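J.: Next up is a structure, given as structure tokens.
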Amino acid sequence: MMSSSLIASFWCIFVLVMLCFGRTINGQPLVPALLIFGDSVVDVGNNNNLETIVKANFPPYGRDFIKHKPTGRFCNGKLASDFTAENLGFTSYPPAYLSKQARGKNLLIGANFASGSSGYYDTTAKIYNTIPLSKQVELYKEYQKKLVALVGQSNASSIVNGSVHFVSAGSSDFVQNYYINPLLYKKYTTDQFSDILLQSYTKFVKELYNLGARKMGVTTLPPLGCLPAVITIFGEDQNVCVEKLNKAAISFNNKLNSTSQKLQSELSALNLVVLDIYQPLHDLVTKPTDYGFFEARKACCGTGLVETSILCNAKSPGTCKNATEYVFWDGFHPSEAANKILSDDLLAAGISLIS
């Protein structure tokens, strides 16, 4: 007799196949639009239009993307959110809201408001002159007005209600602010700082809900201590994941789960799903060969130990020739190959958002 877990796995695969099969028959995406918020993990080019050093609109970024050109994505190719859009049946990606592409009918499939080096904590974005989550919500309100002008109030409301709102944030708050900022780490414990972030998260969810969002997916923190740059900077010459940061991520993720459950119980008709990326990425890092990867400690770009953004450039010595062998593209961000695996996990975890 098959175990209940095995049956559940078969059922999950069956539903995924049927959803994707149905998508290809009717030619329509499984949801009206995708609205994406967060940090560099999902930024598709908003930072290109800001006065910030946190950019990825130059080679070798984008070398394996469409036309082999950089777009502002912090990756050699597609992000997990790009693969998710494809899995949902979209033939193009929600445009960066600050880009020239974010106009007219292009907005009907959604928009991307994410900004590298931003997060739940407004000060994180202010340090790097990027767009905090609170400001991303303001841009979303502006987007909704444009949507109403395009299709009318009733149709716009239907699009918003049926669309998936996706947020990936928190990593920059810890790695690019808390752990390097004595004004924070001397004042707050990691648990206290997590609570501050989750207060902002709660406000964010409630604001989206009041604007009509009913389907929301939020990613957990990744294993922060396993990012190549984090090991280099905080690893004290130990070539393994930094447990202190991983423990902080696990604690935050537990609180994110309980906070999300509370929000779901409080807000009628809200479908809020926490999407775990901690375990899938941790598996890739600790067992890379099981997934077809050769290198998980060093990133592809440059020395692979710390480079990201302007440090990962066309003149970075040592940049790998084949990024498919690497879990990480730069010191902080997964490669396209890793993003493909993570996106499949996201789709399986977020089935209730589309079924």
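The values are calculated or read from the model by the stated rules, or taken from the named source; none is laboratory data. Please read all numbers here as calculations on a predicted model, not as lab measurements. We place every Cβ from the backbone using ideal geometry, glycine too, and count neighbours over all the protein chains shown.
J.: With the requirement that a residue be closer than 17 Å to ASP283 by Cα and in a helix (DSSP H, G or I), what does the range 318-340 give you?
T.: THR324, GLU325, GLU336, ALA337, ALA338, ASN339, LYS340
J.: Here's something else I'd like to know. Being in contact with a helix residue (DSSP H, G or I) (Cβ under 9 Å, 6 or more places away or on another chain) and among the β-branched types (Val, Ile, Thr) is the filter; apply it to the range 156-195 and report the residue that is surrounded by the fewest Cβ atoms within 10 Å (Cβ to Cβ).
T.: Looking at the filtered set, the residue picked out is ILE180.
J.: Which ones in the range 117-145 are outside any helix (DSSP H, G or I) and in contact with a Phe, Trp or Tyr (Cβ under 6 Å, 6 or more places away or on another chain)?
T.: Of the residues in the range 117-145, the ones outside any helix (DSSP H, G or I) are 117-121, 129-132.
The answer is SER117, TYR120.
J.: Which residues, taken from the range 341-355, are outside any helix (DSSP H, G or I) and either of a type outside the set (S, T, N, Q) or out of contact with any helix residue (DSSP H, G or I) (no Cβ under 7 Å at 6 or more places or on another chain) (or both)?
T.: Taking the range 341-355 as the starting set, the residues that turn out to be outside any helix (DSSP H, G or I) are 350, 354-355.
Within the range 341-355, GLY350, ILE354 qualify.
J.: Further question: Exactly one of (1) out of contact with any Phe, Trp or Tyr (no Cβ under 7 Å at 6 or more places or on another chain); (2) assigned to a helix (DSSP H, G or I); (3) β-branched (Val, Ile, Thr) is unmet by ILE196. Its number?
T.: The number of the failed condition is (1).
J.: Does THR219 satisfy the condition of being closer than 20 Å to GLN264 by Cα, out of contact with any Cys (no Cβ under 6 Å at 6 or more places or on another chain) and in contact (Cβ under 8 Å) with a residue 60 or more places away in the chain? Spell out the reasoning first.
T.: Working: closer than 20 Å to GLN264 by Cα: yes; out of contact with any Cys (no Cβ under 6 Å at 6 or more places or on another chain): yes; in contact (Cβ under 8 Å) with a residue 60 or more places away in the chain: yes.
Here the answer is yes, as THR219 does meet what is asked.
J.: Still on this model: Out of the range 164-189, which residues are touching a Ser or Thr at 6+ places or on another chain (Cβ under 7 Å) and part of a helix (DSSP H, G or I)?
T.: Those that are touching a Ser or Thr at 6+ places or on another chain (Cβ under 7 Å) and part of a helix (DSSP H, G or I): SER172, ASP173.
J.: If you don't mind, there's one more thing I want to ask. Between LYS315, LYS298, which is free of Cβ contacts under 8 Å to residues at least 12 places away in the same chain, of a type in the set (D, E, K, R) and part of a loop (DSSP other than H, G, I, E, B)?
T.: Unique residue meeting the criteria: LYS315.
J.: Sort out which residues of the range 233-249 are surrounded by 19 or more Cβ atoms within 10 Å (Cβ to Cβ) and part of a helix (DSSP H, G or I), and write them in order of number.
T.: LEU245, ASN246, ALA248, ALA249
J.: Across the range 299-315, what is the total count of residues that are crowded, with 23+ Cβ neighbours inside 10 Å and of a type outside the set (Asp, Glu)?
T.: Final tally of qualifying residues: 7.
J.: To continue, here is another question. Residues of the range 120-157 being touching a residue at least 60 places away in the same chain (Cβ under 8 Å) and in contact with a Pro (Cβ under 7 Å, 6 or more places away or on another chain), which ones?
T.: ASP122
J.: Take GLY318 and decide whether it is surrounded by fewer than 15 Cβ atoms within 10 Å (Cβ to Cβ) and either small (Gly, Ala, Ser) or farther than 18 Å from HIS68 by Cα (or both).
T.: Against the criterion (surrounded by fewer than 15 Cβ atoms within 10 Å (Cβ to Cβ) and either small (Gly, Ala, Ser) or farther than 18 Å from HIS68 by Cα (or both)), GLY318 qualifies.
J.: Would you tally the residues in the range 75-94 being outside any helix (DSSP H, G or I), of a type outside the set (Ser, Thr, Tyr) and closer than 14 Å to ILE36 by Cβ? Write out each step before concluding.
T.: The first filter runs over the range 75-94 and keeps only residues outside any helix (DSSP H, G or I), leaving 75-79, 88-94.
Okay, now just the ones that are also of a type outside the set (Ser, Thr, Tyr), so 75-79, 88-90, 94.
Next, from what is left, pick out any that are closer than 14 Å to ILE36 by Cβ: 78-79, 88, 90, 94.
Within the range 75-94, residues that are outside any helix (DSSP H, G or I), of a type outside the set (Ser, Thr, Tyr) and closer than 14 Å to ILE36 by Cβ number 5.
J.: Out of curiosity, is GLY225 touching a residue at least 24 places away in the same chain (Cβ under 8 Å) and surrounded by fewer than 18 Cβ atoms within 10 Å (Cβ to Cβ)?
T.: The answer is no for GLY225.
J.: Say whether the condition of being of a type in the set (Val, Ile, Thr), at pLDDT 95 or above, farther than 23 Å from MET216 by Cα and crowded, with 18+ Cβ neighbours inside 10 Å is met by at least one residue in the range 110-126. Spell out the reasoning first.
T.: Of all residues in the range 110-126, those of a type in the set (Val, Ile, Thr) come to 123-124.
From what is left, the residues that are at pLDDT 95 or above are 123-124.
Cutting the leftovers down to farther than 23 Å from MET216 by Cα gives us 123-124.
Remaining after also requiring crowded, with 18+ Cβ neighbours inside 10 Å: 124.
Yes, that holds for at least one residue.
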